[in-house]
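Here's the structure, in structure tokens; my notes come after.
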Amino acid sequence: MNKFERRPAEAGEAKIEYLDGDFRIVRPGAFVRCAVTGEPIALDELRYWSVDWQEAYASPEASMQRVNQRR
């Protein structure tokens, strides 16, 4: 998502395709859920995700927790 795209007015969960350094909104919404904690992450706050696993993470710690689970 870049700064020129408008934020969806919907308040539901978005469906995202995670790319290298960016993401594409497949289904509009206001947030995605952390794959580890389940907490909602506002799209403008989304900073951590896995391209390989197509998952979002609320923090670097959650990301590392998922990597350790996958070993």
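The values are calculated or read from the model by the stated rules, or taken from the named source; none is laboratory data. In this text, all values refer to a predicted model and were calculated from it rather than measured experimentally. Counting neighbours? That spans all protein chains shown, and the Cβs are built from the backbone with ideal geometry, glycine included.
List the strands (runs of 3 or more DSSP E) inside the stretch 16-70, counting only whole elements, that have at least 1 residues being acidic (D, E).
22-27, 55-57
Consider P8 carefully, then state whether it is modelled with pLDDT of 95 or more and not hydroxyl-bearing (S, T, Y).
Here the answer is no, as P8 does not meet what is asked.
Just give me the residues in the stretch 14-31 being of a type outside the set (G, A, S), touching a residue at least 24 places away in the same chain (Cβ under 8 Å) and either surrounded by fewer than 15 Cβ atoms within 10 Å (Cβ to Cβ) or touching a helix residue (DSSP H, G or I) at 6+ places or on another chain (Cβ under 7 Å) (or both), in sequence order.
E17, L19, D20
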